[in-house]
1. Quantify how much of the Cα-Cα distance distribution of region 232-279 extends past 14 Å, in percent.
2. Please report, for the Cα atoms of region 159-199, the Rg to one decimal and the Dmax as a whole number; what are they, in angstrom?
3. Arrange the peptides 196-204, 142-150, 275-283, 346-354 so that the one whose residues have, on average, the most other Cβ atoms within 10 Å appears first.
4. For T142 paired with R217, estimate the spin-label separation in nm (one decimal), with each label point 7 Å from Cα along the Cα-to-Cβ line.
5. If you put +1 on each Lys and Arg Cβ and -1 on each Asp and Glu Cβ, how big is the dipole of region 238-300 around its Cα centre, in Debye rounded to 20?
6. What FRET efficiency, computed as 1/(1 + (r/R0)^6) with R0 = 25 Å and r the Cβ-Cβ distance, is obtained for H127 and N172, rounded to the nearest 0.05?
7. Using only the Cα atoms of region 300-355, build the gyration tensor, take square roots of its eigenvalues as a ≥ b ≥ c, and label the shape rounded, prolate or oblate: rounded if a/c is under 1.5, else prolate if a/b is larger than b/c, else oblate.
8. Restricting things to alpha carbons, find the Rg to Rh ratio for region 116-229 using the Kirkwood radius for Rh.
Amino acid sequence: MAALALAVVGAVVGCAGPGSAVPGRKTVSASATPAETRAASGTPNSGDEANSTWDSETAALSDTGWDTIPLSRRYAAGRNDGTITNENSLTDGGGNLAQISFATEGGDYAPDVDKTGTFLVYASTQHRPTFDIYRKSVDGRTVTQLTTDPSDDLMPSIAPDGSKVAFASNRNGNWDLYIMPIGGGAPTQLTADTDDEVQPTWAPDGRRVAFSRKNGRTNTWEIWIVDTQNPGLRSFVCEGFLPRWSPEEKKDVLLFQRARQRGSRLYGVWTIELVQGEGLSPTEIVSAKNAAVLQPGWSPSGDKIVFTTVVNPGGDSEWPTQSDIWIINADGTRRIGLTNGRFRNMQPTWGADGRVYFVSNRGGIENIWSMAADGGQKAADSVEFAAETRKRTRDFAESGGVVPANNAAGRAPSGASADGTPDLLRSAPDFDGGN
């Protein structure tokens, strides 16, 4: 799978400095065909079955001597109660975890669930190397392919009334925004600038769309708003990436990620108020000194935020080996970890059913999973604590160490690497370099 598409779909983990690369441009035909329905391939996996790396011998020992098992084996094992145990002695999954999509090739990414919690849309490479937009019911197995253009169609966002989908596509040579009916069909182009525009999000009024725009002059990512009924009417909000509009109709607030302009330059999560179209009072909600905090999303009520953390992100353009999903109150209090395991868990979105939908490779390739939002566990200290503990323990496990029986938190000798400073959409063979 092209590094370009992976980066643009929202897998970036570093900072958004001026030197960050923009999506590579390619010229492809601008076409779209009516939706077609295909059966999803593969067999259902429960949370237990998907974690196929369980060591049955280790699991059998869990009743009598779990804390004396070498951490290198405990780390890759499940308890025999259907949950996955990680190095912090927390659990991830079990009966609380459900698999939603079942791609057996390629992968499924960037889910968005409609306001009723009935169906979701997402980007997928399950049928060919480039991304298309798909729709499926939350509980069903059949999938409807909404786009079939040979370009990459990514980052779908469902309108509040469920009738339309906004998405980003490079079908005309660079990244622009499009809108199509929820049932598929020919899309309407919303933006047509030479700058790249990605990551649409709908306002509660169903008329305005906020998005990320790469400023070709400064090479920085900015957040803009466009009126879908009058696309020529646009307004600048602030510098930032991956905007998400608050679902609260009485508030005009955007959630987004922004990199520090000093030190580690790692991402944090921010909000900004919109007053007569102008962005005011930017507020940092959560950040971590040794982890990128990114891909934020609102709860249906707008009082909580879900996000991804990547510990000590590396400097390459690939997805991280491991990342986790967290929840926090919109006022920055009570951080709770939903996942705390050894998988790559990313791109969370909150459904109306009280579950968080996210992308994970726990079944071997990227698919969409869900977990009840109230199924997380309070961090012992903070994002930094959980992140650093995981990193230290993994290093300890790889060295063949054993966690003492009285060390329930799984703490191990230090050995974490220094903060990484990767660039957003970092240069790769099929990037254009951005400089």
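What follows draws every value from the coordinates through simple rules; no lab data is involved. Here the structure is a predicted model, which means the values were calculated and not measured. Counting neighbours? That spans all protein chains shown, and the Cβs are built from the backbone with ideal geometry, glycine included.
1. Values: 618 of 1128 pairs.
Tail of the P(r) past 14 Å holds 55 percent of the pairs.
2. 10.4, 31
3. 196-204, 346-354, 142-150, 275-283
4. That separation, rounded to one decimal, is 5.2 nm.
5. Values: 8 positive and 7 negative charges, 87 e Å.
So the dipole magnitude of region 238-300 works out to roughly 420 debye.
6. Values: r = 22 Å, r/R0 = 0.89.
Computed FRET efficiency for H127 and N172: 0.65.
7. Details: a/c = 2.31, a/b = 1.89, b/c = 1.22.
It comes out prolate by the Cα gyration axes.
8. On the way: Rg = 14.0 Å, Rh = 14.5 Å.
Ratio of gyration radius to Kirkwood radius: 0.97.
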